[in-house]
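A.B. asks: Would you mind keeping the following structure in view while I ask a few things?
The values are calculated or read from the model by the stated rules, or taken from the named source; none is laboratory data. Keep in mind it's a predicted model, so treat the numbers as computed, not measured. Every residue, glycine among them, receives a Cβ derived from its backbone with ideal geometry; neighbour counts consider all protein chains shown.
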Amino acid sequence: MPELPAAKPARAPAKASGKPARFKDPQAQREAQRYEHPIPSREAILEFLGQHGELLKIENLAQGLGLRDERDREALSKRLTAMLRDGQLLQNRRGGYGVAQKLDLIPGTILANAEGFGFLRADAGGDDIYLSPMEMRKVLHGDRVLASVIGQDHRGRKQGAIAEVLERRASRLVGRVVTENGIVVVAPDDRRLHQDVLIPPGKDRGARAGQIVVAEITQPPTAQRGPIGEIVSVLGERLVPSLIVEMAIASHGLPHEWPVDAVREAEQVEPNVSRAEVAGRLDLRSMPLVTIDGEDARDFDDAVYAEPTKDGFRLVVAIADVSHYVRPGTALDDEAVKRATSVYFPGFVVPMLPETLSNGICSLNPKVERLCMVCDMQVDRDGEVTRSKFHAAVMRSHARLTYTRVWQALGEKDAAARAELADVLPHLEHLHQLYRILAKARQRRGAIDFDSREVKFRLDKAGAVVQLAAEARNDAHKLIEECMIAANVEAAKFLDQRKIPALYRVHAPPPESKYEDLIEFLREFQLKMPPHAQVQPKDFSALIKKIKNRADAGLIESVLLRSQSLAVYSAQNSGHFGLALDAYAHFTSPIRRYPDLLVHRAIRYALAKGKPSEYTYSPTEMVNLATHCSQNERRADEAERDVDERYKCAWMEKHVGSEFDGVVSGVTSFGLFVELTQSQVSGLVHITQLPNDYYHFDPVRHLLTGERRGLKFRLGDALRVQVLRASLEDRKIDFRLAQDVQSEAFASPAGGRGRRAQRAG
């Protein structure tokens, strides 16, 4: 890419009384409230640079903004560094700062492919921008960059060039040591990190070829060479289940060690609610609020209560008041921002807050006083919230309940469960009645309801998988979900009306390209959807209802889910397509999600009658926090998915030779992907494991057809497979057709739709 413009000397502003005139800052009042020695805000700096129409060095910028003191100039330097990192500014080689947007540069995150090419996912959304292997030499998966669009590739996709690296991905990675001709490199375990890390002499910690290690990148890649680093720890000779979580933490750069200052602040928090803290709060200690969570939950964000009224129900959702204990500008808050979310692995969690807070004073534990933020709602008989109020309150959870036990009492009418929950059973029945009303309202507005199952692992003390099962959701799960959605909607409406900067949870309609692929997929199943311009959430809901009793319903639902846009955080409320809602925010999990904590702070500020212009966070800062939280949420999802995949492989290693029922979930030119019915484990039946024939792949119809015998394999076909092999390291599971299936295929290739294999015609 050509060199950016050189910085020109700024014309000195008019002087009065010998001092430079200070540029008028539209956010001066807010900055004065936040800082003892305020300097111009980000908004003012962007406006000033935009007005000059040229790149300015820091000296000219400070002069133009009226900053003379060394202290102010140092603060300006730090602010400019932060603005560079967030992609608002760009600095050229001569030190000049310019507004990135005016230079037609796009900030975003690198998504790498194992084949060497990659994409830029723009912070602002839209189609990903293709990056050639040559451009990808400069970066690694997860880096944040500024890029420009330089044309189109041969497939008509926007093609980009990287102008500047804003922020490097986490510097640590996991890989295997490879030694060739005395040169030591670490080959990353994550195949998206497509460049090996060169380890200079003396930086290998004595690691031997083939060992699994954690490496630290000390010099990032350039266009001329790959990354250089050092080995910081040796994990072992081979991958075993006990290392899976440790590898994920290192591979994805998850912060897991607490800074000393944050630990000290957490230790100073009183373990019990004091009388002074209760003063001025709504007293709900006598209200029989209860928490309902999974058996293995240790932190309890939310408690619920419902009672009938003449017009419907009163619903109270009480959420842990984390904002009382974690204040802006503290070490605890800095670390919470850095993590942005808790990350949950089987048997282990990397929390957003120290356990003394997340499992202690912030958690709504039973029979103890806790501070909370409350959404008190009136719900009519049509399931519409007609009135709501937010309060800072104090409560006492009357019981810690589990989904399983609540469902046994409400749905299965189990006598023992009903006797055990007798004290709160009437209130649970009210909640269940309310749930039915809310569920009908959800159906009427057309919200998409994917009836997913969660895969659960049970580990032994050594970290080995001893049980794997996919658990379906029952009404107890859905009851809590509907209560949380109602509170989240009211939080979004409350803040939107008052214009307080906060984060909303937004979900766009499906991207057109993905939707067209979905239409093509559904055509093979004789199913239809409206054109992209007309599609509504209710169309997805109607289709899910239509296929509910089909044998291939799970497969079709998974494809429908994959066609959806990614839900993200945004400083602008643009609605939630999947839930068919005009306003939505995350309010209900501040112990484990930073956006929820920001929503709580905004609500507290609004309750105190604060002015939007004087709020702690500016709209610009909220935009940056939205990007950061969305990125960290994706990082957590990827880490959790990697661990789940590896545990599934560890489980299937124990079942090599065993047979399972499954469904064809993918068809390729090299074979069939099959998802096992009970466990949702996926594996590959390679084409060499199919009955001997020449097979032809039809990508449009997702069909694999044998030339000689006419055997057909397509999406949704039921198959019985045998586990051939499973590799924990490669995260791969190979199946072959069970013997009886092969016999059936040879003996009876003809048959109707839905048989395991079919003869053409």
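A.B. asks: Across the stretch 48-67, which residue is modelled with the lowest pLDDT among those that are assigned to a loop (DSSP other than H, G, I, E, B) and surrounded by 13 or more Cβ atoms within 10 Å (Cβ to Cβ)?
C.D. replies: If we take residues in the stretch 48-67 being assigned to a loop (DSSP other than H, G, I, E, B) and surrounded by 13 or more Cβ atoms within 10 Å (Cβ to Cβ), then Glu54 is modelled with the lowest pLDDT.
A.B. asks: On to the next question. Considering only residues that are buried (at least 21 other Cβ atoms within 10 Å of the Cβ) and closer than 30 Å to Arg285 by Cα, which ones fall in the stretch 339-353?
C.D. replies: Matches in the stretch 339-353: Thr341, Pro351, Met352, Leu353.
A.B. asks: For the stretch 691-708, indicate whether the set of residues that are basic (Lys, Arg) and assigned to a loop (DSSP other than H, G, I, E, B) is non-empty.
C.D. replies: Yes, the stretch 691-708 has at least one match.
A.B. asks: Checking Ala580 against (1) of a type in the set (Gly, Ala, Ser); (2) in contact with a Gly (Cβ under 7 Å, 6 or more places away or on another chain); (3) without any contact (Cβ under 8 Å) to a residue 12 or more places away in the chain, which single condition isn't satisfied?
C.D. replies: Of the numbered conditions (1) of a type in the set (Gly, Ala, Ser); (2) in contact with a Gly (Cβ under 7 Å, 6 or more places away or on another chain); (3) without any contact (Cβ under 8 Å) to a residue 12 or more places away in the chain, the odd one out for Ala580 is (3).
A.B. asks: Kindly indicate the residue of the stretch 289-303 that is in contact with a strand residue (DSSP E or B) (Cβ under 6 Å, 6 or more places away or on another chain) and of a type outside the set (S, T, N, Q) and also modelled with the lowest pLDDT among those meeting that condition.
C.D. replies: Glu295
A.B. asks: Right, here's the next one. If you check Asp642, Asp693, Asp717, which single one turns out to be at pLDDT below 95 and more than 34 Å from the chain's Cα centre (by Cα)?
C.D. replies: Asp693
A.B. asks: While we're here: Hey, does the stretch 221-242 have a residue that's within 27 Å of Val455 (Cβ to Cβ) and touching a Leu at 6+ places or on another chain (Cβ under 6 Å)?
C.D. replies: Within the stretch 221-242, one or more residues are within 27 Å of Val455 (Cβ to Cβ) and touching a Leu at 6+ places or on another chain (Cβ under 6 Å).
A.B. asks: Which numbered condition trips up Gly463, out of (1) closer than 23 Å to Leu410 by Cβ; (2) in contact with a Ser or Thr (Cβ under 6 Å, 6 or more places away or on another chain)?
C.D. replies: (1)
A.B. asks: In this structure, is Tyr695 in contact with a strand residue (DSSP E or B) (Cβ under 8 Å, 6 or more places away or on another chain), aromatic (Phe, Trp, Tyr) and within 22 Å of Asp730 (Cβ to Cβ)?
C.D. replies: no
A.B. asks: Consider the stretch 594-627. How many of its residues are within 24 Å of Val145 (Cα to Cα), of a type in the set (Asp, Glu) and crowded, with 22+ Cβ neighbours inside 10 Å?
C.D. replies: 0
A.B. asks: Shifting gears a bit: Of everything in the stretch 720-734 that's in a loop (DSSP other than H, G, I, E, B) and of a type in the set (D, E, K, R), which residue is modelled with the highest pLDDT?
C.D. replies: Ranking the candidates gives Arg731 first.
A.B. asks: Let me ask another. Quick test of your reading of the structure: Glu277 fulfils all but one of (1) in the same structural domain as Ala393 (by TED's automatic domain parsing); (2) more than 30 Å from His430 (Cα to Cα); (3) in contact with a Phe, Trp or Tyr (Cβ under 6 Å, 6 or more places away or on another chain). Name the failing condition by number.
C.D. replies: All conditions pass for Glu277, except number (3).
A.B. asks: Okay, moving on. Applying the selection to the stretch 662-676, what residues are free of Cβ contacts under 8 Å to residues at least 60 places away in the same chain and not small (Gly, Ala, Ser)?
C.D. replies: Val667, Thr668, Phe670, Leu672, Phe673, Leu676
A.B. asks: Might you let me know whether the stretch 406-422 holds any residue that is within 30 Å of His600 (Cα to Cα), touching a strand residue (DSSP E or B) at 6+ places or on another chain (Cβ under 9 Å) and not β-branched (Val, Ile, Thr)?
C.D. replies: No.
A.B. asks: Of the residues Ala215, Ala207, which is at negative phi and either part of a strand (DSSP E or B) or at pLDDT 95 or above (or both)?
C.D. replies: Only one candidate passes the filter, namely Ala215.
A.B. asks: How many residues, within the stretch 531-558, are assigned to a loop (DSSP other than H, G, I, E, B), touching a residue at least 60 places away in the same chain (Cβ under 8 Å) and either in the same structural domain as Arg714 (by TED's automatic domain parsing) or among the aliphatic types (A, V, I, L, M) (or both)?
C.D. replies: 1
A.B. asks: While we're on this one: When you check Lys78 against the structure, is it assigned to a loop (DSSP other than H, G, I, E, B) and either of a type outside the set (Asp, Glu) or over 25 Å from the mean Cα position of the chain (by Cα) (or both), yes or no?
C.D. replies: Judged against the criteria, Lys78 is not a match.
A.B. asks: Tally the residues that are outside any helix (DSSP H, G or I) and buried (at least 20 other Cβ atoms within 10 Å of the Cβ), restricting the search to the stretch 628-662.
C.D. replies: Residues meeting the conditions: 2.
A.B. asks: Could you tell me which residue of the stretch 386-397 is surrounded by the fewest Cβ atoms within 10 Å (Cβ to Cβ), considering only residues that are in contact with a Lys or Arg (Cβ under 9 Å, 6 or more places away or on another chain) and either over 20 Å from Val322 (Cα atoms) or of a type in the set (Val, Ile, Thr) (or both)?
C.D. replies: Ser388
A.B. asks: Could you check how many residues of the stretch 133-160 are in a strand (DSSP E or B), basic (Lys, Arg) and either out of contact with any Asp or Glu (no Cβ under 6 Å at 6 or more places or on another chain) or exposed (fewer than 13 other Cβ atoms within 10 Å of the Cβ) (or both)?
C.D. replies: So the answer is 1.
A.B. asks: State all residues of the stretch 225-253 that are of a type in the set (Ser, Thr, Tyr) and crowded, with 18+ Cβ neighbours inside 10 Å; if no residue qualifies, say none. Even if it seems obvious, please write down each step before you answer.
C.D. replies: The first filter runs over the stretch 225-253 and keeps only residues of a type in the set (Ser, Thr, Tyr), leaving 233, 242, 251.
Selection gives Ser251 alone.
A.B. asks: If you don't mind, another one. Report yes if Ile106 is touching an Asp or Glu at 6+ places or on another chain (Cβ under 7 Å) and among the aliphatic types (A, V, I, L, M), otherwise no.
C.D. replies: Values: touching an Asp or Glu at 6+ places or on another chain (Cβ under 7 Å): no; among the aliphatic types (A, V, I, L, M): yes.
No.
A.B. asks: Looking for whichever is touching a His at 6+ places or on another chain (Cβ under 7 Å) and surrounded by 14 or more Cβ atoms within 10 Å (Cβ to Cβ) here; the options are Leu503, Leu495, Leu479. Which one fits?
C.D. replies: The match here is Leu479.
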